[in-house]
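Written below as C-alpha cells is the structure these notes are about.
The values are calculated or read from the model by the stated rules, or taken from the named source; none is laboratory data. Predicted, not measured: the structure shown is a model, and the values here were computed from it. Cβ atoms come from the backbone with ideal geometry, glycine included; neighbour counts cover every protein chain shown. What goes into the accessible areas is simple: the full protein's heavy atoms, side chains included, and nothing from ligands, DNA or RNA. Shrake-Rupley method; radii C 1.70, N 1.55, O 1.52, S 1.80 Å.
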Amino acid sequence: MNPSDGLSSRLIRFYVTLPEPFAIPDGYSWYRKYEHDPNEGDDQQFVHLQFFQTEGTARSKGALDASLEVLRRVQGSVGKDVEELDEILQGQYTTVVATTLMDAAPIDAASFKSPQDVPVERDAVNRCVDEISRFLRTYKVALEALCSIPTYETLGPLIPFEVGDWVPLIAGDGSETDFRRPEWSDGGSIMLSHYNLADYPAGSEISESNEGRIEYFRQVLEQGNPLFLWKERFVEARTAIFKEGRYGAAVTLSNTATEVFLDALLALLYWESAKKPDEVAEYFAEGRLARRVKVRFSELLGGKWVLDGEGHVAEWFHNCYRLRHRVVHGGYSPTRLEAIEALDSAFSLSRYCSDRLAENRKKFPRSALIMLGEEGLQARQKWCQFMQDFSRDVAPREPDWRAGYVAWREEMYTILLSRD
C-alpha cells in the first residue's frame, strides 16, 4: 500500500474467489488510483488487488460424485469410490484480495433498480469488481488466454470482507511518523444480488401444468420454425443480463431476437398472402431491417411504424437497434440499465406486433393462429366467432400450415442467397 498523508476514510477489503483460476503468480499485486474528486473528501480513491493461488477439491468433483451416485441408484448396488482419481480431482483456485476506501456518503438505494447499477465511484463492491474485470481483460488480451472474464453476476454469492483504518507508523523513539499502515479490525460477508446460484436450478420444474408447453416447443424446434429461435434468443438475452452480467452480449441477443421475430412474422404474412418467394425475397436482404419495419409492416398490419419519435417501434430502434450497432461496430460496453432497456424495448415491440396481428386476424387468420393461437387471441379479447368458426371448419381441411410456411420461407431465403 502506498503511504499517504492525512488519510481519514476507512478501508474495506473483499476476498473474492474467481469462478475459474487464472495463471497469475501467487502474491501478484495491482494498484490503481482514481482521479481525485474534491466532493468526496481529502482522500484519493484507489483499488489495490492482490492475487493468491490455493489448491482444493476440484469443481468437477461434485459432478463426478453425482454421476456415481446415480449409477448406484440405477444399478441398485453399492458400488465403489474411485480413489485412484484423487489426484485429478484436485483443482486450483484464484482469490483476489481487493482493497479500497469505504464510501464516505451513504447511497440512496431507492435511486437505483439494482446494486449493480450504482456507479463505481460511489460503491466499493462495484469498484473492486470493475477493477478485477479490467485487469483480467488486460491479462486475457495480452497473453491471449482462453478464459472468461468474471462479472458481478458470476461471483459469490457470498463475499467475505474486512474493514480497517489507517494508523500511523511508530518511529524507534516511540513517536508517530507521517506514514500510515492499514490496521484491520472487524468484518463479515455480503450477499451479492443476482440469480447465478450454480448449485440450484434456475427454471421452473416440469409439471402437469407446463408439460404441454414442452411438447409444443419441441415440435416447433423439430419443424425448424424461426419462432423457436426468436424465443431462444430472447431467453439468452435475459440470461446474459441477470445471470452472466454480459451486457453487450445481451444487447446483441435482444436485437437478434427482434430481427428473427420480425422477419419470421413478415414471411408468415407474405406466405398467407400467397406471395411467391421470388416476389418478396429482396425485401429480406441483409442491412434492410429498418426499411422492412418502416414500410412492409405498415402496408400489411397498419399501425405506427416510425423509427423516430414515440412508440414501441421508435423505442426499439433507439434503445436496441442503434445501441447494438455501437456495441458491434464501435466496441461500446453498455451498462446494465442500457441492456435492460434494450431487452424491454425488444419485448415491447414483439408485443406490439402481436397486438397488430390480433387486430388483423380476419385478414390473416392462419398467421394469427400460428403466432398467437387461441390462448393469445383470448388474452387480447380477440377470440371472436369468426376465428372460432375458422379454426373449427377451415383449418382441419387445409394442409399443415407450419410445414407449408417453413418450406416457403426456406425457398425464399434460397432465392435471396442465390442473388448475392
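Under unit Cβ charges (Lys, Arg +1; Asp, Glu -1), what dipole magnitude, rounded to 20 debye, does the range 191-252 have relative to its Cα centre? Let's see the in-between values first.
Working: 7 positive and 9 negative charges, 71 e Å.
The calculation lands at about 340 debye.
Using only the Cα atoms of the range 290-337, build the gyration tensor, take square roots of its eigenvalues as a ≥ b ≥ c, and label the shape rounded, prolate or oblate: rounded if a/c is under 1.5, else prolate if a/b is larger than b/c, else oblate.
Working: a/c = 3.84, a/b = 2.17, b/c = 1.77.
The shape class here is prolate.
Select from the range 271-337 those chymotrypsin sites (Phe, Trp or Tyr not before Pro) which occupy a DSSP coil region and have at most 15 other Cβ atoms within 10 Å, ordered by residue number. Each step should come with its number before you reach the end.
On the way: sites: TRP271, TYR283, PHE284, PHE297, TRP305, TRP316, PHE317, TYR321, TYR332; in loops: TRP305, TYR332.
Passing sites in the range 271-337 are TYR332.
Cβ under 12 Å from HIS318's Cβ, HIS318 left aside: what net charge do those residues give with Lys, Arg +1 and Asp, Glu -1? Intermediate results must be reported in sequence, preceding the final value.
On the way: positive: ARG322, ARG324, ARG326; negative: ASP308, GLU310, GLU315, GLU338, GLU341.
Local net charge: -2.
Take every Cα pair under 8 Å in the range 205-353 that's 6+ residues apart, average their separations, divide by the length, and report that relative contact order as a whole percent.
27
Filter the chain for me: DSSP H helices, axial length by Cα at least 27 angstrom, mean Kyte-Doolittle hydropathy not below -1.0. List them by residue number. Don't skip to the end; give the middle numbers.
Working: long enough: 124-143 (28 Å, 0.14); 247-272 (38 Å, 0.85); 336-359 (34 Å, -0.14).
Membrane-span-like by this rule: 124-143, 247-272, 336-359.
From Cα pairs below 8 angstrom and at least 6 apart in sequence, can you work out the relative contact order of the range 147-243, rounded to a whole percent? Intermediate values should be presented prior to the final figure.
Numbers: 87 pairs, mean separation 27.1, N = 97.
Reported relative contact order: 28 percent.
How much accessible area per residue does the range 164-227 have, in Å², with a 1.4 Å probe? Before the final figure, lay out each step's value.
Values: 4890 Å² over 64 residues.
Result: 76 Å² per residue.
Taking 0.36 nm per intervening residue step and subtracting the Cα-Cα distance, what contour gain separates GLU359 from GLU144 on full extension? Each step should come with its number before you reach the end.
Numbers: separation 215, 0.36 × 215 = 77.40 nm, distance 5.35 nm.
Net length gain for the segment: 72.1 nm.
Summing -39500 (n - 2.57) over the DSSP H runs of n ≥ 4 in the chain and dividing by its residue number, what mean residue ellipticity at 222 nm do you reach, to the nearest 500 deg cm²/dmol?
Rounded to the nearest 500, it is -12500 deg cm²/dmol.
Which one of PRO157, THR54, ALA267 has its Cα pushed farthest toward the positive end of the charge dipole of the chain, where Lys and Arg give +1 and Asp and Glu give -1 at the Cβ?
ALA267
Figure the gain on full extension for ALA198 and THR54 (residue separation times 0.36 nm, minus the Cα-Cα span) and round it to one decimal in nm.
Details: separation 144, 0.36 × 144 = 51.84 nm, distance 2.10 nm.
Length difference between fully extended and current span is 49.7 nm.
Below 11 angstrom from the Cβ of GLU244, what's the summed charge of the other residues (Lys, Arg +1; Asp, Glu -1)?
Values: positive: ARG238, LYS243, ARG246; negative: GLU153, GLU236.
Net of charged neighbours comes to +1.
Report, in debye and to the nearest 20, how large the dipole of the chain comes out about its Cα centre when Lys and Arg carry +1 and Asp and Glu carry -1 on their Cβ. Present the calculation step by step, with values, prior to reporting the outcome.
Details: 49 positive and 66 negative charges, 453 e Å.
With only Lys, Arg, Asp and Glu charged at Cβ, the dipole is about 2180 debye.
Using 20 Å bins from zero, what percent of all Cα-Cα pairs in the chain falls into each bin?
Spelled out per bin, shortest first, that is 19, 41, 30, 9, 1, 0.
Under a GNM of the chain (C-alpha, springs under 10 Å), which listed residue has the highest mean-square fluctuation: LYS61, LYS140, LYS113?
Result for the chain, Cα springs under 10 Å: LYS61 fluctuates most.
Considering the convex hull of the alpha carbon atoms of the range 326-420, report its projected area averaged over all viewing directions, in nm², one decimal.
Details: hull surface 37.3 nm².
So the mean shadow area of the Cα hull is 9.3 nm².
How charged is the neighbourhood of SER367? Take every other residue with its Cβ under 15 Å from the Cβ of SER367, and add Lys/Arg as +1 and Asp/Glu as -1. List each step's numbers first, then the result.
On the way: positive: LYS275, ARG296, ARG356, ARG361, LYS362, LYS363, ARG366, ARG380, LYS382, ARG402, ARG409; negative: ASP263, GLU272, GLU299, ASP355, GLU359, GLU374, GLU398, ASP400.
Summing Lys and Arg as +1 and Asp and Glu as -1 gives +3.
PHE179 to GLU374: FRET efficiency via 1/(1 + (r/R0)^6), r the Cβ-Cβ distance, R0 51 Å, to the nearest 0.05?
Efficiency, from the Cβ-Cβ distance: 0.10.
Among ASP178, ASP199, ASP263, which one shows the biggest mean-square fluctuation in a GNM of the chain, springs joining Cα atoms closer than 10 Å?
Of ASP178, ASP199, ASP263, the Gaussian network model singles out ASP199 as fluctuating most.
Which value in nm describes the separation of the simple spin-label points at GLN90 and LEU158, placed 7 Å from the Cα toward the beta carbon?
2.6
When ligands, DNA and RNA are left out and all protein chains stay put, how many square angstrom of accessible area per residue does the range 236-284 have with a 1.4 Å probe? Working shown, then result.
Values: 1690 Å² over 49 residues.
It amounts to 35 Å² per residue over the range 236-284.
Extension gain LEU417-ASP65, at 0.36 nm per residue separation less the Cα-Cα distance, in nm? It would help to have the intermediate numbers written out before the result.
Values: separation 352, 0.36 × 352 = 126.72 nm, distance 4.98 nm.
Length gained between LEU417 and ASP65: 121.7 nm.
Please give the solvent-accessible surface of SER333 in Å², to the nearest 10, using a probe radius of 1.4 Å with every protein chain present.
80
For the range 219-329, what does the alpha-carbon gyration tensor say about shape, rounded, prolate or oblate, given a ≥ b ≥ c as the root eigenvalues, a/c under 1.5 as rounded, and a/b over b/c as prolate? Before the final figure, lay out each step's value.
Values: a/c = 2.12, a/b = 1.30, b/c = 1.63.
Judged from the Cα gyration tensor, the range 219-329 comes out oblate (a/c at least 1.5, b/c at or above a/b).
May I ask you to give the percent of accessible area on the chain that is carbon plus sulfur, with a probe radius of 1.4 Å?
Values: 12060 of 24250 Å².
About 50 percent, which is the carbon plus sulfur part of the accessible surface.
Would you mind pulling out the separation of the Cα centroids of the range 335-371 and the range 247-283, in Å?
When both Cα centres are located, 12 Å separates them.
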